[in-house]
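Please treat every number below as a calculation from the coordinates, not as lab data. This is a predicted model, so every value here is computed, not measured. Neighbour counts are summed over all protein chains in view; Cβ atoms, including those assigned to glycine, are modelled from backbone coordinates with ideal geometry.
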Amino acid sequence: MNGYNFTDRVRKVLQMAREEATRLHHEYVGTEHILLGILHEGDGVAATVLTNLHVDFEKVTAAVKSIVKEGKNDARSPDLPYTSRAKKILEFSMSEAHELDHAYVGTEHLLLGVLREEKGIGAQALRDVGVTLETARAEVLRLLGTVDPSTNAQLRAPAHIDQRFKAVIALLELHRLRFGAYPDSLKDLQFLAPYDQASLQSVRYEKLPDGYALDIITPKGEKPGLSYPADFWKGLGIRRTNVDRSGA
């Protein structure tokens, strides 16, 4: 698995996905079955994300089953093949784990993988109830800043959010040094690494006449839980942010 460990919950979700495919008499495991597995597992970080986004699990399950037709496969094979889109979900989930600097793939990464495979039935069913990749990722980031995804124990500091916020600041300040002005949008930033792309997706940027505004995306507008001393802000072009500047 390219150096990544799938958590027991993810393995359970994938087993449930195979069971759903068998129950529907399908000869394959598709994106819809993976989503059904996430919904039926019900206890992982992915389920918590969907619950926090006010998703009705029974409604989505019914919607998926209304889209897919029951097949004619009566064999109960434990080795049903994944469709190409389902395989992409697994690849995307590993990519999400890598971008978060995690050595494991959890249900939260799997959920983001479902949403990244935009043409799959799984992503379609989630979009139909208002769940987008952006809102789900924001809630994942919020949860992972406060909750250990393997134990649900409370964590003290959202370290990866801190790293991403600082990474975006560095990119913006470097752009100003190179080109004499801050970018009009984050799309104008150049020479980005994969981790930089993940960092840009976790913030909201606005160019201002005398600098810029930079907020960490949170699903309900709450404070992101970061705070920096006054010296941190010296020399930076940040004029507005939802990060605590009480020491500034």
**Report entry** Using θ = phi - 60° and Karplus 6.51 cos²θ - 1.76 cosθ + 1.60, couplings along the range 229-238 (whole Hz; Gly, Pro as x)
**Finding:** x, 4, 5, 4, 7, 4, x, 8, x, 5
Requested in this report: Return the FRET efficiency for the residue pair Arg176, Glu70: r is the Cβ-Cβ distance, R0 is 51 Å, and the value is rounded to the nearest 0.05.
Outcome: 0.30
Report task. Count charges around Leu200 for me, please; just the other residues with Cβ under 15 Å from its Cβ, Lys/Arg as +1, Asp/Glu as -1. Result -> -3
Report summary line: Simple spin-label estimate for Tyr104/Ser246, 7 Å along Cα→Cβ, in nm, reads 3.3 nm
Query raised in the report: Going by the alpha-carbon gyration tensor, a ≥ b ≥ c the square roots of its eigenvalues, is the range 26-109 rounded (a/c under 1.5) or, if a/c is not under 1.5, prolate (a/b greater than b/c) versus oblate?
Result: oblate
Query raised in the report: Which of the peptides 127-138, 172-183 is most tightly packed, and how do the rest follow, going by the mean number of other Cβ atoms within 10 Å of each residue?
Result: 127-138, 172-183
Requested in this report: Mind putting a number on the dipole of the range 5-144 about its Cα centre? Charges go on the C-beta only, +1 for Lys and Arg and -1 for Asp and Glu, and I need it in Debye to the nearest 20.
Outcome: 300 debye
Query raised in the report: In terms of Cα to Cα distance under 21 Å, which lysines are near enough to Lys59, apart from those fewer than 8 places away along the same chain?
Result: Lys69, Lys119
Report task. Estimate the FRET efficiency between Ser227 and Val129 by the formula 1/(1 + (r/R0)^6), using the beta-carbon distance for r and 41 Å for R0, to the nearest 0.05. Result -> 0.75
